[in-house]
1. Among the residues of region 1-34, write down those that are under 16 Å from Leu77 (Cβ atoms) and in contact with a Pro (Cβ under 6 Å, 6 or more places away or on another chain).
2. With the requirement that a residue be charged (D, E, K, R) and closer than 19 Å to Leu114 by Cβ, what does region 154-188 give you?
3. Of the residues that sit in region 109-136 and are modelled with pLDDT of 75 or more and either assigned to a helix (DSSP H, G or I) or not assigned by TED's automatic domain parsing to the domain that holds Asp165 (or both), which one is surrounded by the most Cβ atoms within 10 Å (Cβ to Cβ)?
4. Scan region 177-196 for residues that are under 20 Å from Ala66 (Cβ atoms) and either in contact with a His (Cβ under 9 Å, 6 or more places away or on another chain) or surrounded by 24 or more Cβ atoms within 10 Å (Cβ to Cβ) (or both) and jot them down.
5. If you check Val145 against the conditions, is it more than 25 Å from Arg62 (Cα to Cα), touching a strand residue (DSSP E or B) at 6+ places or on another chain (Cβ under 9 Å) and in a helix (DSSP H, G or I)?
6. Condition first: surrounded by fewer than 17 Cβ atoms within 10 Å (Cβ to Cβ) and under 18 Å from the mean Cα position of the chain (by Cα). Now tell me which residues in region 138-150 satisfy that.
7. Going residue by residue through region 13-23, is there one that turns out to be at negative phi, in contact with a Ser or Thr (Cβ under 9 Å, 6 or more places away or on another chain) and in contact (Cβ under 8 Å) with a residue 24 or more places away in the chain?
8. Considering only residues that are part of a helix (DSSP H, G or I) and small (Gly, Ala, Ser), which ones fall in region 148-161?
Amino acid sequence: MLHDPPARVLARELETLANRGHRYRPDEWLTFLCQDVLAGFGRRLAQPWDEERHERLFQLSRTYAALVAEHPWTDLLGAVYMELSSRGQQRWLGQFFTPPAVASCMAELQLADLDDRLTTDGTLIRVLEPAAGSGVMLLALCQVVLKRHGRAALNRLSLTAVDLDPLCAAMTATQLLANAVLHGSLGELRVDHGNSLSGELFETLVAVRLESQWGDPDALPVVATPVPEVTTTCSSPALAGCWGEQLSLF
């Protein structure tokens, strides 16, 4: 684990699980991993895991948690997705995500005019990602904010992410929540499975206000408080009410 890229470590475990039982594909185990991590944050599973998956997902989630702890605000699951796709999973995993280096560059440019607000204004800075993918752009944004202003500044971010693909929405929710718990509390987080173009909302995966248990954004653990009506994103119907600082190359 110390020498291999983290995505390769996790992808190899997913493939091992698939080869061992021949019942589920690697991409299905990736979906199960996201669902299991989100269940740990309080999201109810559609049905409990069977004994086989329960035991294996426990170990898989531990591996993922260790990798997140070692690689803060890094797009691990997007890299795993691409790793699996390159190994013959194109039939089920046919998307390509923004490379992390490009995402970091875009985040640096996007934050150029937000530095003053982060240091002087006490209001939440609202960020909308309408095509989240694996969450790479928002992870890069958090990485840049952390580098420039420290962990306390992360608590000023109100992030909203939307994606048409349910696995992508789940990866985004999983990665942002896991990093917020381990590496610094965000102000608010909402992740929707929906269509940003048509405004159709299928499901809200996460809608929480993240607060440190002791009122200190540098302290852990972080408590995720449900927010029934999050002001950072849309109300029904669909996504018509969304607004924020959209991450854009232009």
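The values are calculated or read from the model by the stated rules, or taken from the named source; none is laboratory data. Just so it is clear, the structure is predicted and the values come from calculations on it, not from any experiment. Backbone-built Cβ (ideal geometry, glycine too); neighbour counts: all protein chains shown.
1. Once the filter is applied, which keeps residues that are under 16 Å from Leu77 (Cβ atoms) and in contact with a Pro (Cβ under 6 Å, 6 or more places away or on another chain), region 1-34 yields Leu14, Glu15.
2. We begin by selecting, within region 154-188, every residue charged (D, E, K, R); these are 156, 163, 165, 188.
Arg156, Glu188 - these are the residues of region 154-188 that are charged (D, E, K, R) and closer than 19 Å to Leu114 by Cβ.
3. Going through region 109-136, the residues modelled with pLDDT of 75 or more turn out to be 109-111, 123-136.
Keeping just the survivors that are either assigned to a helix (DSSP H, G or I) or not assigned by TED's automatic domain parsing to the domain that holds Asp165 (or both) gives 109-111, 136.
Numbers: Leu109: 14, Gln110: 19, Leu111: 21, Val136: 27.
Per the criteria, the residue is Val136.
4. Residues of region 177-196 under 20 Å from Ala66 (Cβ atoms): 177-184.
Correct list: Leu177, Asn179, Ala180, Gly184.
5. On the way: more than 25 Å from Arg62 (Cα to Cα): yes; touching a strand residue (DSSP E or B) at 6+ places or on another chain (Cβ under 9 Å): yes; in a helix (DSSP H, G or I): yes.
So Val145 fits the description; yes.
6. Matches in region 138-150: none.
7. To start, the set of residues in region 13-23 that are at negative phi comprises 13-21, 23.
Restricting the remaining residues to those that are in contact with a Ser or Thr (Cβ under 9 Å, 6 or more places away or on another chain) gives 13.
Narrowing further to those that are in contact (Cβ under 8 Å) with a residue 24 or more places away in the chain: 13.
There is at least one residue in region 13-23 that is at negative phi, in contact with a Ser or Thr (Cβ under 9 Å, 6 or more places away or on another chain) and in contact (Cβ under 8 Å) with a residue 24 or more places away in the chain.
8. At the first step, the residues of region 148-161 found to be part of a helix (DSSP H, G or I) are 148-149, 151-154.
Of everything in region 148-161, those that are part of a helix (DSSP H, G or I) and small (Gly, Ala, Ser) turn out to be Ala152, Ala153.
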